[in-house]
Amino acid sequence: MTVRQFKVWRGDSAGGQLVNYDVDVNEGEVVLDVIHRLQATQEPDLACRWNCKAGKCGSCSMEIDGMPRLACMTRMSTFEEDETVTITPLRTFPVIRDLVTDVTFNYIKARETPAFAPPKDVAPGDYRMQQVDVDRSQEFRKCIECFLCQNTCHVVRDHEDNKAAFSGPRFFIRAAELDMHPLDARTDRKEYAQKEQGLGYCNITKCCTEVCPEHIKITDNAIIPMKERVVDRRYDPLVRLGRKILRR
Ligand code: SF4
Ligand code: F3S
Ligand code: FES
């Protein structure tokens, strides 16, 4: 066991500050272990959200040395022994207390996304999908809703005003997943992403992909294909001609 230095943000919606702590760390431990030891030995009222300690519930999202990460999956061996590790709440969402933020924004955006809607003449037990169609969107279903991608995207991280018009990368992959579903008949997901989800605000910086703990290729496999197909449909002269004929 060695004593390591930490700075942890303490405060609430009215304001706060970084507080220095020395905490014992055992070999093989993760940042969440350190937070739990800090709560057990020095600061019983330190607020932190977590649940599974296995990288699967998406609850323990925070910023560690400025990088959005899951605390339960960040090994202390990532850092030099003499380094002070700084732990702060997600920056894009309002702080409730200490390391806990209010992620309501994401649930609002989830509710705004039209749900899967199969054709009316297909009964639930009769849904059939080819394995190839299952495989295409399987990657997107690995999302654990940690919202690290939402927290990282500069469109909302640096511009609070954009939140109303921008759903964010987590919901672009949801739109792409439904777009790839052969039985989803409710709406045109590509047009929806463009018109309602603010897909056009994304300038493909790929920061969302870099922080995703499930290694979902958010930008390459969801955002770019959705953008390309919207562009194809809008500017392809044959598609436009076809649209005109159909409108007559
Ligand atoms: Fe988290 Fe990745 Fe899902 Fe974004 S896409 S919420 S980073 S698991
Ligand atoms: Fe944001 Fe990801 Fe696009 S970080 S700008 S949604 S590529
Ligand atoms: Fe569940 Fe970290 S505690 S992902």
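Tell me what the chain gives for mean residue ellipticity at 222 nm when only DSSP H runs of n ≥ 4 count, each as -39,500 (n - 2.57), the sum divided by the residue total, rounded to 500 deg cm²/dmol. Numbers along the way, then the final one.
Details: 10 runs with 83 residues, N = 248.
When only DSSP H runs of four or more count, the value is -9000 deg cm²/dmol.
Work out the P(r) tail for the stretch 56-175: percent of alpha carbon pairs separated by more than 23 Å, whole number. Don't skip to the answer; put the middle values down first.
Working: 3196 of 7140 pairs.
Tail of P(r) above 23 Å: 45 percent of Cα pairs.
Run the simple label-point estimate for Thr104 and Gln130 please: 7 Å along Cα→C-beta, distance reported in nm.
My value for the distance between the label points is 4.5 nm.
Report the semi-axes of the equivalent ellipsoid for the stretch 1-89 in whole Å, largest first, where each axis is √(5λ) for an eigenvalue λ of the Cα gyration tensor.
Numbers: eigenvalues 63, 54, 33 Å².
After diagonalising the Cα gyration tensor, the semi-axes are 18, 16, 13 Å.
Sort 29-36, 14-21 by the packing proxy (mean of other Cβ within 10 Å over each peptide's residues), most packed first.
Working: 29-36: 20.9, 14-21: 11.8.
Order by mean packing, descending: 29-36, 14-21.
At 1.4 Å probe size, with the rest of the protein present, what percent of the exposed accessible area of the stretch 1-102 is carbon and sulfur atoms? Could you put the intermediate results ahead of the total?
Working: 2310 of 5090 Å².
That share works out to 45 percent.
Convex hull over the Cα atoms of the stretch 129-176, averaged projected area in nm²?
Working: hull surface 15.2 nm².
For the Cα atoms of the stretch 129-176, the hull's average projected area reads 3.8 nm².
Please list 144-150, 191-197 highest first by mean number of surrounding beta-carbon atoms within 10 Å per residue. It would help to have the intermediate numbers written out before the result.
Details: 144-150: 23.6, 191-197: 19.0.
Listed from highest to lowest mean packing, they are 144-150, 191-197.
Please calculate how many Å² of accessible area the chain carries per residue, with a 1.4 Å probe and no DNA, RNA or ligand atoms counted. List each step's numbers first, then the result.
Working: 13360 Å² over 248 residues.
Dividing the accessible area of the chain by its residue count gives 54 Å².
For the stretch 91-96, what does the Karplus curve 6.51 cos²θ - 1.76 cosθ + 1.60, with θ = phi - 60°, yield as ³J(HN,Hα) per residue in whole Hz, taken in order and with x for Gly and Pro?
For the stretch 91-96, the Karplus-derived couplings read 7, 7, 10, x, 6, 8 Hz, x marking Gly and Pro.
What is the calculated FRET efficiency for Asp22 to Ala115, with r their C-beta to C-beta distance and R₀ = 45 Å, to the nearest 0.05?
On the way: r = 50 Å, r/R0 = 1.10.
It comes out at approximately 0.35.
About the Cα centre, and with charges only on the beta carbon of Lys, Arg (+1) and Asp, Glu (-1), how big is the dipole of the chain? Nearest 20 debye, please. Please list the in-between numbers first.
On the way: 37 positive and 38 negative charges, 352 e Å.
For the chain, the charge dipole is close to 1700 debye.
Among 57-65, 209-217, what's the highest-first ranking by average C-beta atoms within 10 angstrom per residue?
Details: 57-65: 21.2, 209-217: 17.8.
By packing density, highest mean first, the sequence is 57-65, 209-217.
Along each principal axis of its Cα atoms, how long is the chain end to end? Whole angstroms, biggest number first, please.
The principal-axis extents, from largest down, are 74, 40, 28 Å.
Would you list, by chain and number, the aspartates and glutamates whose Cα falls below 14 Å from the Cα of Lys195, excluding same-chain residues fewer than 8 positions away?
Those aspartates and glutamates meeting the cut-off are Glu112.
Give me the dipole magnitude in Debye, nearest 20, for the stretch 26-165 about the Cα centre, with unit charges on the beta carbon: positive for Lys and Arg, negative for Asp and Glu.
Details: 17 positive and 23 negative charges, 151 e Å.
Magnitude of the dipole: close to 720 debye.
Between the alpha-carbon centers of the stretch 4-26 and the stretch 149-228, tell me the distance in whole angstrom.
33 Å
Across the stretch 57-126, what fraction of all alpha-carbon pairs, as a whole percent, falls in each successive 10 Å bin from zero upward?
Result, from short to long distances: 16, 33, 21, 14, 12, 4, 0 percent.
The values are calculated or read from the model by the stated rules, or taken from the named source; none is laboratory data. Keep in mind that this is a model prediction, so the values were computed, not measured. Heads up, the Cβs are rebuilt from the backbone with ideal geometry, glycines too, and the neighbour counts pull from every protein chain shown. Side chains included, ligands, DNA and RNA excluded: accessible areas come from the protein's heavy atoms. Shrake-Rupley method; radii C 1.70, N 1.55, O 1.52, S 1.80 Å.
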